[in-house]
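S.K.: Below you'll find the structure I mean.
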Amino acid sequence: MTDDAQLDDARLAAETASGAGELLLTVRAIEGDALGGRELGRRGDRAADTYILERLAAARPGDAVLSEESADDPARVGADRVWIIDPLDGSKEFGMPEHVDWAVHIALWEAGKGLTAGAVAQPALGLVHSTDDVPPPPPVVRRRPRIVISGSRPPAFVFDLARDLDADLIRMGSAGAKAMAVVRGEADAYIHAGGQWEWDSAAPVAVARAAGLYCARVDGSELEYNRPHPYLPDLVICRKEWSPEVTAALARHAVGPGDSPRVAMARAYIRSLVSHDASHVRLAADAWRVENGERTGDSGGEIRDRLEHGPEYRPIRRIRDLQFHEWHHSVVARFVLDIAAGPNSEISVAVTEHFDIPAGEIRSIVAIIEPHPGNN
């Protein structure tokens, strides 16, 4: 591929991200008063996803796509060109009118080359950062480095790391917003661990690399994309002058390997039993669920709706004693649910759930629920 063609891809990513951003601003302005935060985020996700997919299909009809909001086609793993997109990164923040830390991510991965083009749009700031024209971060002299971290689930080790580096921690939504803060010189590093997907980091990493920043996994290994399972749980984006100190501190403080991709998907499902938020649960469109021999879900949409609105899940108070066992494409989770049985009483049930996860989505869930011996 020629350099000019690569620039065309970068411009396509930037223009498409910008257009999706304008659409998201319109959705926010028109429907922000009528819809709640979560539902507004989902409305924005769907609208931006449709826009981006249509634009890419028209401009690059032979390319594959991996999108957070669309069903995963396993055939993409063998494709030469794959667009990795997050139509709305930071959907929670999008649903909160005072927040600007949300973004649109569009990246291109090519076989044998990795990430070759990408763009991150921050519509609420009127900014689009592209691999075509991103400058290196401006020189900044700070006595204390600034590290941006997740506002809702920062890695536990990052607080010890910050003390070690004498760094200031800044909480922020959206991986793209955090990465672009480093690109613009507003922060010196972005560190995340504990769960992300390829679409969370592909475009931010493409842009950050184009700006000359250090990008890697927390353990220093390469960030790899277009894998069969799109789970990519951690990353570091850092100014080059700070990378030796940051990587050394990570080696001292970062925890060992986290969940495998399949366990991460099962864990997200189990968390939703209590949170009643299935936004991060990856379910195939034709997913099904069986509970004690009774069919309780015939599609991914139905299962997701029951997790969020089903009255049977509302009394659940907590999950404890959670254990996972994995082999091949199966995950078995065993845990205890404490369930409200009245104003001042609880009962507990023992749950065994078998997840079939052949690729990047949960295909089926078979649950066995039994009284817990602690009730006696």
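S.K.: Under 20 Å from a point placed 7 Å out from the Cα of Arg363 along the Cα-to-Cβ direction: which residues of the range 178-211 have their backbone N that close?
M.R.: Flagged as within label range: none.
S.K.: Hey, what do the phi angles of the range 162-177 turn into as Karplus ³J(HN,Hα) couplings, whole Hz, using 6.51/-1.76/1.60 and θ = phi - 60°, x for Gly and Pro?
M.R.: So the Karplus estimates, Gly and Pro as x, are 5, 5, 4, 8, 6, 9, 8, 9, 10, 7, 7, x, 6, 4, x, 5 Hz.
S.K.: Given the options Asp166, Asp200, Asp234, state which has the largest fluctuation in a GNM of the chain using a 10 Å cut-off (strictly under) for Cα springs.
M.R.: Asp166
S.K.: Is any residue of the range 326-350 close enough, with backbone N under 17 Å, to a label point placed 7 angstrom from the Cα of His276 along the Cα-Cβ axis, and if so, which?
M.R.: 338-343
S.K.: Follow-up question, since we're still on this one. Report the residue, chosen from Pro343, Pro358, Pro136, that carries the largest GNM mean-square fluctuation when the chain is represented by alpha-carbon nodes joined by springs under 10 Å.
M.R.: Most flexible of the set in this elastic network: Pro343.
S.K.: Per residue, what accessible area does the range 259-321 have, given a 1.4 Å probe and all protein chains present, in Å²? Write out the running numbers ahead of the final one.
M.R.: Values: 3070 Å² over 63 residues.
That works out to 49 Å² for each residue.
S.K.: By the gyration tensor of its Cα atoms, with a ≥ b ≥ c the square roots of the eigenvalues, what is the shape of the range 134-242: rounded for a/c under 1.5, prolate for a/b over b/c, or oblate?
M.R.: Details: a/c = 1.80, a/b = 1.23, b/c = 1.47.
Oblate is the answer for the range 134-242, as a/c is 1.5 or above yet b/c matches or exceeds a/b.
S.K.: While we're here: Hey, got the dipole for the chain? About the Cα centre, +1 on K and R Cβ, -1 on D and E Cβ, debye to the nearest 20? Kindly include the intermediate steps, with their values, before the conclusion.
M.R.: Numbers: 41 positive and 58 negative charges, 190 e Å.
Computed charge dipole of the chain: roughly 920 debye.
S.K.: Take the alpha carbon atoms of the range 195-245, find their radius of gyration, then divide it by 2.2 N^0.38 Å using N residues; give the quotient. Write out the running numbers ahead of the final one.
M.R.: Details: Rg = 10.9 Å, N = 51, 2.2 N^0.38 = 9.8 Å.
Compared with the compact-globule rule of thumb, the range 195-245 sits at 1.11.
S.K.: By how many degrees, 0 to 90 and rounded to 10, does the Cα axis of helix 300-309 deviate from the longest principal axis of the chain?
M.R.: 70
S.K.: Related question: How much length would be gained if the chain were fully extended between Val336 and Glu241, taking 0.36 nm per residue of separation minus their Cα-Cα distance, in nm to one decimal? Display every interim value, and only then the final one.
M.R.: Numbers: separation 95, 0.36 × 95 = 34.20 nm, distance 4.78 nm.
Length gained between Val336 and Glu241: 29.4 nm.
S.K.: For the range 46-104, what is the accessible area per residue in Å², given a 1.4 Å probe and the full set of protein chains?
M.R.: Values: 2550 Å² over 59 residues.
Averaged over the residues of the range 46-104, the accessible area is 43 Å².
S.K.: Take the alpha carbon atoms of the range 33-54, find their center, do the same for the range 81-159, and report the distance between the two centers in whole angstrom.
M.R.: One Cα centre to the other: 19 Å.
S.K.: List the residues of the range 312-338 whose backbone N lies under 12 Å from a point placed 7 Å from the Cα of Thr352 along the Cα-to-Cβ direction.
M.R.: Flagged as within label range: 332-335.
S.K.: Taking a ≥ b ≥ c as the square roots of the eigenvalues of the Cα gyration tensor of the range 115-180, is the shape rounded (a/c under 1.5), prolate (a/b larger than b/c) or oblate? Intermediate values should be presented prior to the final figure.
M.R.: Values: a/c = 2.30, a/b = 1.60, b/c = 1.43.
Prolate, because a/c is 1.5 or more and a/b exceeds b/c.
S.K.: Then there is this: Describe numerically, in nm with one decimal, the distance between label points set 7 Å from Cα along Cα→Cβ at Ala57 and at Asn292.
M.R.: Rounded to a tenth, the inter-label distance reads 4.4 nm.
S.K.: Under the rule a/c < 1.5 gives rounded, and otherwise a/b versus b/c splits prolate from oblate, where does the range 56-181 land using the Cα gyration tensor?
M.R.: On the way: a/c = 1.89, a/b = 1.77, b/c = 1.07.
Cα axes put the range 56-181 in the prolate bin.
S.K.: Same structure, new question: Whole number in Å², please: accessible area per residue of the range 147-247, 1.4 Å probe, ligands, DNA and RNA not counted.
M.R.: Working: 3200 Å² over 101 residues.
Per residue, the range 147-247 has an accessible area of 32 Å².
S.K.: Here is a further query. Tell me the label-point distance for the pair Arg314, Arg171, using the 7 Å Cα-to-Cβ offset, in nm and rounded to one decimal.
M.R.: 2.9
S.K.: Still on this structure, I have one more. Go through the range 95-108 residue by residue and turn each phi into a ³J(HN,Hα) via Karplus (6.51, -1.76, 1.60, θ = phi - 60°); whole Hz please, and just put x for glycine and proline.
M.R.: Coupling constants for the range 95-108: x, 10, x, 7, 9, 10, 8, 9, 7, 10, 10, 9, 9, 10 Hz.
S.K.: Going through the range 67-140, which trypsin sites (Lys or Arg not before Pro) have at most 14 other Cβ atoms within 10 Å and a DSSP loop state? Intermediate values should be presented prior to the final figure.
M.R.: On the way: sites: Arg76, Arg81, Lys92, Lys113; in loops: Lys113.
Of the trypsin sites (Lys or Arg not before Pro), the ones in loops of the range 67-140 whose Cβ has at most 14 other Cβ atoms within 10 Å are Lys113.
S.K.: Where the accessible area of the chain is counted over protein heavy atoms with a 1.4 Å probe, how much of it, in %, is carbon and sulfur? Each step should come with its number before you reach the end.
M.R.: Details: 8540 of 16640 Å².
Ligands and nucleic acids excluded, carbon and sulfur give 51 percent.
S.K.: Here's a follow-up. State the Cα centre-to-centre distance between the range 345-375 and the range 274-311 in whole Å.
M.R.: That distance is 12 Å.
S.K.: Anyone know which of Arg262, Arg143, Arg239 comes out most mobile in the 10 Å Cα GNM of the chain?
M.R.: Maximum among the listed residues: Arg143.
S.K.: Still on this structure, please answer the following. Can you give me the Kirkwood hydrodynamic radius for the chain, using every pair of distinct Cα atoms, in Å to one decimal? Show your work: numbers first, answer last.
M.R.: Values: mean 1/r = 0.0460 Å⁻¹.
It is 21.7 Å.
S.K.: Bin by bin, in steps of 10 Å, what percent of the Cα pairs in the range 254-376 do you find, going until the bin that has the longest distance?
M.R.: Cα pair-distance distribution for the range 254-376, in percent: 13, 45, 32, 9, 1.
S.K.: 5 Å is the cut-off here: which amide hydrogens, built 1.01 Å from N in the peptide plane, fall below it relative to Thr296, excluding neighbours closer than 5 in sequence?
M.R.: Arg289, Val290, Glu291
S.K.: Could you tell me the convex hull volume per residue, in Å³, taken over the Cα atoms of the range 310-376? Before the final figure, lay out each step's value.
M.R.: Numbers: hull volume 6.6 nm³, N = 67.
It is 98 Å³ per residue.
S.K.: Nearest 0.05, what FRET efficiency do Asn344 and Asp80 give at R0 = 51 Å with Cβ-Cβ as r? Before the final figure, lay out each step's value.
M.R.: On the way: r = 62 Å, r/R0 = 1.22.
That pair, Asn344 with Asp80, gives E of 0.25.
S.K.: Under 28 Å from the Cα of Lys92, which lysines turn up, not counting those fewer than eight places away in the same chain?
M.R.: Lys178
S.K.: Quote the relative contact order of the chain in percent (integer), defining contacts as alpha-carbon pairs under 8 Å separated by 6+ residues.
M.R.: Working: 796 pairs, mean separation 43.7, N = 376.
Contact order relative to length: 12 percent.
S.K.: Okay, next question. Could you order peptides 310-318, 169-177, 225-233, 185-193 by the average number of other Cβ atoms within 10 Å of their residues, highest first? Intermediate values should be presented prior to the final figure.
M.R.: Details: 310-318: 12.7, 169-177: 21.8, 225-233: 19.1, 185-193: 24.2.
Ranking, from highest mean packing down: 185-193, 169-177, 225-233, 310-318.
S.K.: Quick one: what are the phi-derived ³J(HN,Hα) couplings along the range 203-219, Karplus 6.51/-1.76/1.60 with θ = phi - 60°, whole Hz, x for glycine and proline?
M.R.: Here the 3J(HN,Hα) series is 5, x, 5, 4, 5, 5, 5, 4, 7, x, 8, 7, 9, 6, 6, 4, 8 Hz.
The values are calculated or read from the model by the stated rules, or taken from the named source; none is laboratory data. Nothing here was measured: the structure is a model prediction, and the numbers come from that model. Please note: Cβ atoms are built from the backbone with ideal geometry, for glycine as well, and neighbour counts cover all protein chains shown. The accessibility values were calculated without ligands, DNA or RNA, using every heavy atom of the protein model including side chains. Shrake-Rupley method; radii C 1.70, N 1.55, O 1.52, S 1.80 Å.
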